[in-house]
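As structure tokens, the structure follows; a few thoughts come after it.
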Amino acid sequence: MSDLKEGEELFAAVNWWQNKSYMHPMTCGEHSDRSLEAFLCDGSQKVYLYCPVEGCKYSQTWIPDVVLKAYRKRPQSINGDAPPS
Ligand SMILES: [Zn+2]
């Protein structure tokens with residue numbers, strides 16, 4: 001188990017999900033080709049997601065439980081994440 005605080009672990013989990021999980025990343029409703037970007041705020045307690053598309057004001061703080069669950073069960077290898085089998 002990690003000793004990360006909840007917000008920090010969730011932040012790591014979201015970044016992993018958005019970049020490496022081989023799942024479809026979280027996006028806003030209009031820009032499904034652009035992954036939401038995660039920011040750790042409120043003294044590392046809360047993760048905010050923002051759409052990176054200029055002019056799009058979409059943001060969310062809700063993150064599905066599956067993101068953290070999948071992160072904790074992710075396959076590990078020496079150089080990070082194993083390819084899908
Ligand atoms: Zn957007």
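Give the residue that is nearest to the chain's Cα centre (by Cα), with candidates limited to residues of segment 52-71 that are away from the ligand (no atom under 16 Å from the Cβ) and either of a type in the set (D, E, K, R) or not in a helix (DSSP H, G or I) (or both). Within segment 52-71, the match that is nearest to the chain's Cα centre (by Cα) is Ile63.
Scanning segment 41-54 for residues that are at pLDDT below 95 and either at positive phi or touching an Asp or Glu at 6+ places or on another chain (Cβ under 8 Å) (or both) yields Asp42, Gly43, Ser44, Gln45. Considering segment 14-26 alone, what residues qualify as being at pLDDT below 95, in contact with a strand residue (DSSP E or B) (Cβ under 9 Å, 6 or more places away or on another chain) and either aliphatic (A, V, I, L, M) or exposed (fewer than 15 other Cβ atoms within 10 Å of the Cβ) (or both)? Listed by number, the residues that qualify are Lys20, Tyr22. Reported count of residues in segment 18-28, each being within 15 Å of the ligand (Cβ to nearest atom) and part of a helix (DSSP H, G or I), is 1. Give me the pairs: first residue in segment 45-70 and farther than 14 Å from Trp17 by Cβ, second residue among the hydrophobic types (A, V, I, L, M, F, W, C) and surrounded by fewer than 15 Cβ atoms within 10 Å (Cβ to Cβ), beta-carbon distance under 8 Å, and six or more apart or on different chains, which are they? That search, which allows pairs on different chains as well, returns Tyr48/Phe39; Tyr48/Cys41; Tyr50/Phe39.
Note on segment 29-51: among residues that are near the ligand (Cβ under 10 Å from one of its atoms) and surrounded by 14 or more Cβ atoms within 10 Å (Cβ to Cβ), the one that is nearest to Pro64 (Cα to Cα) is Leu36.
The values are calculated or read from the model by the stated rules, or taken from the named source; none is laboratory data. Please read these numbers as outputs of a predicted model, since none were measured by experiment. With ideal geometry, Cβ positions are generated from the backbone for all residues, glycine too; neighbour counts draw on all protein chains shown.
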